[in-house]
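A quick write-up on the structure given underneath.
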Amino acid sequence: MIRISLIILILMALFVTIATAVPELPDGVWIHYSGALRGAIDPCGCKIPMGGTARRMGEIDRMMKIASSDAHLVVDAGEWRDLGDPIDGNTRTAALLKALKTGHLAAVNVSLRDVMLNRTFLDSIAIADSIPFVSANLRIDSIMAPLFPAYRIARGKVMNKPYAVAFIGLTDPTYTRYSNRKIGLVALDWTLILRDVMDELKKEKVNAIVLLTDAAPSRLDTLMGKVAVQFIVTTNPECQWNRITKTDHGYMIAPMTMGKHWEAVKSMATGPDPWIANRTELSASVPESEAAHKIIEEYRARFIRKPVPAPAVPPQVIKSELSQPASAATPTPTPSGK
């Protein structure tokens with residue numbers, strides 16, 4: 001009798017598990033990713049100028065038309081802050097983030113490098129422009145309160161199949177060279193933080209969990225063995241650019257720096273691998289997004305410092321210099337008394 005009751009309990013638990021199981025991410029979910037843009041809103045000054053946020057968003061618009069039945073999500077893995085002029089850096093970074101938002105911007109990770117920008121500025125742009133910042137382990141030092149939500153979930157349907165993708169933001173606390181307690185922030189160790197986040201996401205029944213970070217592959221692979229993260233986008237240069245790296249516990253990829261390429265991964269539940277990578281050079285042949293172009297032009301018109309013109313030389317001086325005979329020599333003063 002005890003054995004029968006035990007079998008019934010096991011079957012009931014199995015039934016509950018099957019009934020509440022979350023299906024795999026369906027085919028056709030595109031994640032258009034970027035990272036380490038560092039304020040690069042314009043094409044590079046290369047021999048063949050590439051990049052530019054308006055071109056990036058234009059390519060995303062084009063892909064959305066080509067694959068119109070698919071889902072398209074735009075994310076950034078962090079290090080978007082302009083490291084140049086401290087005054088112009090804020091306005092340039094704001095223009096970059098607003099231009100990214102012209103697409104289906106799902107999440108923007110905040111790294112320690114980015115928070116050096118300015119706490120007040122970050123708070124204001126998050127509120128005024130609804131930038132979907134994420135950070136699981138950045139805390140306000142004085143009260144240990146989260147700076148931004150730990151994750152954001154994008155939900156929708158692809159060919160009538162529902163999907164839910166969670167994007168978690170994480171900055172590596174070992175990067176102490178970027179840490180600055182003067183602005184009142186601290187990056188906590190991520191292991192315990194992520195366990196709490198995973199417990200929350202279990203209730204959300206997401207199909208996939210994507211981590212946006214600046215951490216190195218060696219640390220990430222260990223982390224993936226402890227928490228159920230299916231895919232990682234990292235700005236760390238140790239990870240191979242635009243080539244999906246398969247680890248023992250999942251997949252990771254790194255975007256090209258300074259935004260010279262459009263890059264994306266597409267879910268392929270029915271294929272041999274769950275993700276395929278895509279990349280296009282953002283050359284002059286790529287049409288710009290009108291919405292992103294307008295934002296960048298407004299930034300240029302309002303904030304770019306124009307050079308101060310040199311004082312004009314009076315016309316009569318120019319005339320006298322030009323009319324002086326070529327043979328004329330400036331007289332050499334003779335010493336007094338000779």
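Where in segment 236-265 does the amide nitrogen come within less than 18 Å of the point 7 Å from the Cα of S283, taken along Cα to Cβ?
Zone members listed by number: 259-263.
Quick one: accessible area per residue over segment 39-116, 1.4 Å probe, rounded to a whole number of Å²?
35 Å²
How large is the accessible surface of S68 in square angstrom, using a 1.4 angstrom probe and rounding to the nearest 10?
90 Å²
For the residue pair K157 and C44, what label-to-label distance in nm results when each label sits 7 Å from Cα along the Cα-to-beta-carbon direction?
Spacing of the two 7 Å Cα→Cβ label points: 4.3 nm.
Please list R243, R119 from largest to smallest accessible area, probe radius 1.4 Å, with all protein chains kept in place.
R243, R119
Pulled fully out, how much extra length does the chain show between I276 and K203, if you take 0.36 nm times their separation in residues and subtract their Cα-Cα distance? Display every interim value, and only then the final one.
Details: separation 73, 0.36 × 73 = 26.28 nm, distance 2.82 nm.
Here the segment from I276 to K203 would lengthen by 23.5 nm.
The values are calculated or read from the model by the stated rules, or taken from the named source; none is laboratory data. Given the structure is predicted, the values throughout are model-derived calculations rather than measurements. Positions of Cβ are backbone-derived with ideal geometry, glycine not excepted, and every protein chain shown enters the neighbour counts. Accessible surface areas use protein heavy atoms only, side chains included; no ligands, DNA or RNA. Shrake-Rupley method; radii C 1.70, N 1.55, O 1.52, S 1.80 Å.
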